[in-house]
Structure formats: structure tokens, C-alpha cells
1. So which residues in the range 49-68 are part of a loop (DSSP other than H, G, I, E, B), open to solvent by less than 60 Å² (accessible area, probe 1.4 Å) and either farther than 18 Å from His178 by Cα or without any contact (Cβ under 8 Å) to a residue 40 or more places away in the chain (or both)?
2. State the number of residues belonging to the range 144-171 that are within 19 Å of Val204 (Cα to Cα), of a type in the set (A, V, I, L, M, F, W, C) and either open to solvent by 20 Å² or more (accessible area, probe 1.4 Å) or assigned to a strand (DSSP E or B) (or both).
3. Name the residue, out of Glu282, Glu295, that is free of Cβ contacts under 8 Å to residues at least 12 places away in the same chain and acidic (Asp, Glu).
4. Which members of the range 1-31 meet the condition of being in contact (Cβ under 8 Å) with a residue 60 or more places away in the chain, assigned to a loop (DSSP other than H, G, I, E, B) and closer than 21 Å to Thr168 by Cα?
5. Which one of the conditions (1) in contact with a helix residue (DSSP H, G or I) (Cβ under 6 Å, 6 or more places away or on another chain); (2) of a type outside the set (A, V, I, L, M); (3) modelled with pLDDT of 95 or more; (4) surrounded by 21 or more Cβ atoms within 10 Å (Cβ to Cβ) does Lys99 fail to meet, given that it meets all the rest?
6. For the range 183-207, what are the residues that are out of contact with any helix residue (DSSP H, G or I) (no Cβ under 7 Å at 6 or more places or on another chain) and either open to solvent by less than 50 Å² (accessible area, probe 1.4 Å) or β-branched (Val, Ile, Thr) (or both)?
7. Give the residues of the range 108-143 that are acidic (Asp, Glu), part of a helix (DSSP H, G or I) and more than 28 Å from Lys167 (Cα to Cα), sorted by residue number.
Amino acid sequence: MTQVVSILIPFKNTSKFLVDCLTSVIAQSYQYWEVMAVDDHSSDNSAAIVQGFADKDPRIKLLSNNGKGIIMALRTGYAAASGRFITRMDSDDIMTSEKIDIMASALRISGPGYISLGKVRYFSDRGISNGYKRYEAWLNNLTHTASNFEERYKECVIPSPSWMVHKTDLDACGAFDHDRYPEDYDLAFRMFEANLRCLPCEQVVHLWRDYDTRTSRTSLHYAQNYFLDLKVYYFLKLDWNSKRPLVVWGAGNKGKTVAKLLRQRNVPFLWVCDNPNKIGKEIYGNILSSYTMIEKIKKPQSILTVANAKAQAQIRQFLEEKDQKAMADFYFFC
């Protein structure tokens with residue numbers, strides 16, 4: 001039985017890229033799809049470009065956002081979608097020609113309860129920064145082994161343009177009914193909460209465009225504090241054991257933000273670091289201690305906010321030597 005795939009494409013002022021985006025959709029080897037392209041109040045000719053494609057291909061529908069912003073645009077598109085499988089696409093990106101076929105085939109084989117994934121590749125006219133290269137390699141390694149949720153507190157492990165699910169599973173996750181940003185990271189946590197399992201993928205299916213005015217670079221909704229707020233929210237909801245001592249590692253900017261968020265929620269915690277200039281000082285009402293004090297704590301849970309890769313490896317080794325396990329006893333937040 002042929003399964004229709006609904007592709008949700010919110011857009012706003014991306015006329016420069018829409019032709020490439022929609023052309024890549026039309027070129028898919030899998031032809032049983034529909035596009036719900038939702039105009040989020042564009043002030044350029046983006047809507048006219050989409051309408052031009054819709055006039056030639058009835059599978060492409062142009063919709064106007066019933067509200068404002070990307071979450072409302074997703075709700076608008078989803079309400080009009082009729083496919084059994086649902087996926088997203090960013091209006092400034094490009095699909096490889098086999099993307100929909102690869103992802104839909106995986107879902108047909110697996111059945112409900114799974115997330116079909118694909119690898120991504122960044123591209124840019126000016127070249128890709130080392131930071132994005134590291135994120136691409138990290139994300140693709142997780143996708144290759146379907147171990148995405150094992151590092152769910154580091155970064156968004158299932159970004160918006162590289163997933164496909166059964167509509168029934170998306171509904172069970174709450175679809176786009178939540179107002180939390182970043183919306184793709186929030187959905188990834190809810191997919192984990194609903195016990196959806198990731199499917200491995202070896203192929204690059206999505207070409208991710210990087211440029212200065214990309215929404216994830218310019219919108220306040222994608223600033224670091226939103227990510228940390230989301231991480232703390234879901235950690236407390238899904239993984240925190242209130243009967244165990246909670247320890248925050250690191251007193252840099254991320255550590256301080258996590259500490260603030262925990263204090264706002266009246267969650268008690270111990271705060272440790274390895275900086276002799278900070279040990280013994282009081283910050284936000286907490287006295288910083290040396291990390292070695294963790295040896296005196298019975299069954300702690302740790303949030304690790306230290307960004308340096310070498311330091312992370314050392315902390316991991318230190319904790320594992322104490323018979324502590326990642327994603328059960330300690331959690332990397334960066």
C-alpha cells in the first residue's frame with residue numbers, strides 16, 4: 001500500500017532559496033507526497049514563488065499562517081495534512097533525491113513506534129565553521145547508530161529537517177501543540193518521553209544551508225538560554241530523582257545559568273568545579289566546592305556543564321571509576 005508523506009514547510013522571506021528547496025522536493029524518487037507550505041507573513045515574493053509551483057503541481061499547497069511564528073505555522077500546516085507519514089523541511093534547504101524514499105521505506109518496515117532519521121550535511125557559499133562541522137559529525141554519528149537519545153542533553157539530537165514519523169506517533173507526542181522553543185528540540189524530548197525509538201541511517205538525506213540571516217542564528221528563540229531552560233525542564237521531568245543529591249559541575253556561563261534555573265524551581269543542588277579561584281566562593285547563594293567532594297556523596301546525580309572536550313573526558317573517566325554511568329548518574333549538558 002502506497003503511503004502519502006506530508007511535508008510541512010513553514011517559510012518567511014526565503015524567496016532567495018525557495019526555488020531550490022521546492023525543486024528538490026519535486027525531484028524526489030518517491031512521488032507520493034504532499035507539501036503544506038505555510039507563509040508566515042512574508043514581506044517578499046516568497047508566497048508568489050510557492051504559488052507558482054502550486055499552479056504546476058497540485059501536490060503543493062500554499063497556506064497562510066493562522067497565527068504568527070514557526071510553531072503556529074507548523075500547526076496550520078499540520079491541520080491541513082492528510083499523509084500517514086509526517087516530516088518537516090526548512091524552506092532554505094535542499095533534499096537529496098532519495099530522501100523521502102529512504103525515510104518512508106524505513107517507516108514502512110518498522111511500523112509505528114519509530115522515528116525515521118537521516119544524516120545531514122551543511123553547505124554555505126562562505127564555507128562551514130569548525131563548530132558546525134563538529135555538530136554535523138556528532139549528529140551523523142548518532143544517527144548512524146540510532147543512539148540519538150543517549151546524548152539528548154548535549155544539543156538537539158533530532159533537528160527539524162531530518163525526521164519522519166507515523167502521524168499517529170506524532171499525535172501521541174503532542175505534535176506541535178506546545179509553545180516551547182526551540183520547537184524541534186522540544187519535540188525531540190517529547191519523542192523520547194513517548195518511547196519512540198530511532199532507526200539508524202547511513203545516507204546523507206538533507207543538505208542544510210548556513211547563512212547569516214538563518215532563523216537559528218537571528219531569532220531570540222534559539223538563543224543559548226532557551227536551550228538550557230529546555231534541558232533543565234526535561235531533566236527535572238524525565239531523569240531527576242529527587243531522593244538523590246543533585247550536583248552541578250562547572251561555574252562558567254552555562255553552569256551559572258543552570259544554577260539560576262534550578263534555584264528558580266527551588267531544586268536543591270551542590271555546586272562543584274576545579275577552578276581554585278572559584279572554590280569556596282558563594283555564587284547565587286551556593287558555595288562552590290572542589291569536585292573531589294563528590295566522593296563523599298552517596299548516589300549523586302550530576303549535571304555536567306563543562307564545555308571543554310578534554311575536561312569532559314577527564315570528568316567521565318573520574319565518574320566511571322566511581323562506578324557511575326552516563327545518562328543514569330551523570331548527564332552532559334554541553
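1. Kept after step one, since they are part of a loop (DSSP other than H, G, I, E, B), are these residues of the range 49-68: 57-59, 65-68.
Retained after the next criterion (residues that are open to solvent by less than 60 Å² (accessible area, probe 1.4 Å)): 57, 59, 65, 67.
Passing the criteria: Asp57, Arg59, Gly67.
2. Initially, the range 144-171 is screened for residues within 19 Å of Val204 (Cα to Cα), giving 144-148, 156-165.
Within this subset, residues satisfying the condition of being of a type in the set (A, V, I, L, M, F, W, C) are 146, 156-158, 163-165.
Imposing the further condition that a residue be either open to solvent by 20 Å² or more (accessible area, probe 1.4 Å) or assigned to a strand (DSSP E or B) (or both) reduces the set to 146, 163-165.
The total comes to 4.
3. Working: Glu295 fails: free of Cβ contacts under 8 Å to residues at least 12 places away in the same chain.
Glu282 is the lone residue from the list that is free of Cβ contacts under 8 Å to residues at least 12 places away in the same chain and acidic (Asp, Glu).
4. Gln3, Val4
5. The single condition Lys99 does not satisfy is (1).
6. Listed by number, the residues that qualify are Leu187, Ala188, Arg190, Met191, Val204, Leu207.
7. Filtering the range 108-143 for residues acidic (Asp, Glu) gives 125, 136.
With the extra rule that they be part of a helix (DSSP H, G or I), the set shrinks to 136.
Residues satisfying the conditions do not exist here.
The values are calculated or read from the model by the stated rules, or taken from the named source; none is laboratory data. All of these numbers come straight from a predicted model, not from anything done at the bench. Virtual Cβ from ideal backbone geometry, glycine too; neighbours counted across all protein chains shown. Accessible surface is based on the protein model in full, side chains and every heavy atom, while ligands, DNA and RNA are left aside. Shrake-Rupley method; radii C 1.70, N 1.55, O 1.52, S 1.80 Å.
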